Amino acid sequence: MDDNASYCETPASVPASAAPGGDAGPPFAECVLCREPTEYPESAKGATLCPVCAWQEAGRTACSG
């Protein structure tokens, strides 16, 4: 039952551009509140928020009712 032995191993062939913080992927949209880059591409429709502003907005929405 060594099927799970390779489950936690990190593949050695992962390119450096795929690492978090790398410059891979499409240009990202700006947050509509703080102008920081978001996780969404520039082509995303609607009000794009960065993770920090999305979390703060969720807290405000949850406590407003």
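The values are calculated or read from the model by the stated rules, or taken from the named source; none is laboratory data. On a predicted model such as this, the values are computed, not experimentally measured, just so you know. Cβ coordinates were reconstructed from backbone atoms using ideal geometry, including for glycine residues, and neighbour counts include every protein chain displayed. For the accessible areas, the whole protein counts, side chains as well, though only heavy atoms, and no ligand, DNA or RNA atoms are used. Shrake-Rupley method; radii C 1.70, N 1.55, O 1.52, S 1.80 Å.
Here are a few things to note about the model shown:
- Output for the range 1-33, where each listed residue is part of a loop (DSSP other than H, G, I, E, B) and modelled with pLDDT of 75 or more: 26, 27, 31, 32, 33
- Residues of the range 34-56 satisfying the condition of being open to solvent by 60 Å² or more (accessible area, probe 1.4 Å), in contact (Cβ under 8 Å) with a residue 12 or more places away in the chain and not in a loop (DSSP other than H, G, I, E, B): 37, 39, 40, 51, 52
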